[in-house]
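I have placed the structure first, in the form of structure tokens, so that the comments after it can refer back to it.
The values are calculated or read from the model by the stated rules, or taken from the named source; none is laboratory data. Here the structure is a predicted model, which means the values were calculated and not measured. Neighbour counts are summed over all protein chains in view; Cβ atoms, including those assigned to glycine, are modelled from backbone coordinates with ideal geometry. Keep in mind that these areas ignore ligands, DNA and RNA; they rest on the heavy atoms of the full protein, side chains included. Shrake-Rupley method; radii C 1.70, N 1.55, O 1.52, S 1.80 Å.
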Amino acid sequence: GRSAQHWKLFAEMGLLAAPFGEEYGGLGAGARGTMVICQQFGQALVAEPFFESVVVAGNLIESAGSDAQRQAHLPAIMAGHALWALAWAEKTTRHELGRPLTRAVRAGSGYLLSGTKIAVVAAPWADKLIVTARTDDAGATQGEGGIGLFIVDCDAPGVTLKPFKTLDGRRAAEVTLASVQVPADRLIGDGRNAVELLEHCRDHAIVALC
């Protein structure tokens, strides 16, 4: 499904750093640079998770993460030391970004996440996930409000993956979270605006896929 040697080479060539801003150690190529890379990857049927880890997860961190989150995570993505995946889809959501059943409940200074995500592409390789969950923070409302993006370690207690091979030769997994403890500093954004952030990321991702 992927080659660790290829991924290391991509990092050495600067491909993993191309889309990100120079202030974070990237090459500043932006969406246009991403399109050029994805066009070549498509022609060669590259299976490595550039789209999932760099285009999707990396974009969310750069566009919506705190300065501390950007400084902590973007260099590892660009260097090829960390793989990421976005876990948003559920059995009842279809293509709707604002209807997660996964819950994030306040517990002390952090959160407890519980729920199941389906078809999380690149999850079997990932070190970290960005998980969508409905929050119970004060002021959260039903519908698009009250939805947060949480950074979750794949090896955290309570995280279970059921991997499978996709039709195009990649890897995905069903991800179950059972009261997974997540510190408050792993929340991307304010815990209520995840749909807006995901819609912006989706536009960027669709261009890359096309």
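Couple of notes before you dig in:
- Rounded to 0.05, the FRET efficiency of the Glu22 and Leu209 pair, given R0 = 41 Å and the Cβ-Cβ distance, is 0.95.
- Note, ³J(HN,Hα) from phi for segment 105-112, Karplus 6.51, -1.76, 1.60, rounded to Hz, x at Gly and Pro: 9, 4, 9, x, 8, x, 9, 10
- Each residue of segment 172-186 is assigned a 3J(HN,Hα), and the resulting list reads 9, 7, 8, 10, 10, 10, 10, 6, 7, 7, 10, x, 5, 6, 8 Hz, derived from the Karplus form 6.51 cos²θ - 1.76 cosθ + 1.60 (θ = phi - 60°), x at Gly and Pro.
- Gyration tensor verdict on segment 81-210 (Cα atoms; rounded if a/c is under 1.5, prolate if a/b is larger than b/c, oblate otherwise): oblate
- Taking amide hydrogens as placed 1.01 Å from N in the peptide plane, the amide H of Ala18 sits under 5 Å from those of Leu27, each at least 5 positions away in sequence or on another chain.
- Pairwise FRET efficiency - Ala31 versus Ala156, Cβ, R0 = 25 Å, nearest 0.05: 0.20
- Sorted peptide list for 146-152, 106-112, 118-124, criterion being average Cβ within 10 angstrom, highest first: 146-152, 118-124, 106-112
- Sites Arg103 and His81 - FRET efficiency at Förster radius 25 Å, r taken between beta-carbons, to 0.05: 0.20
- For the chain, complete DSSP H runs whose alpha carbons reach 15 Å or more along their own long axis and whose mean Kyte-Doolittle score is 0.5 or higher are 194-209.
- Segment Gln71-His6, extension gain: residue separation times 0.36 nm, minus the distance between their alpha carbons: 20.9 nm
- 1.4 Å probe accessible area per residue over the chain, in Å²: 48
- Per atom type, segment 3-72 shows carbon and sulfur on 55% of its accessible surface, probed at 1.4 Å.
- Relative protection proxy for 153-163, 47-57, from highest mean packing down: 47-57, 153-163 (other beta-carbon atoms within 10 angstrom).
- Inter-label distance, nm, simple model (7 Å from Cα along the C-beta direction), Thr176/Glu196: 3.6
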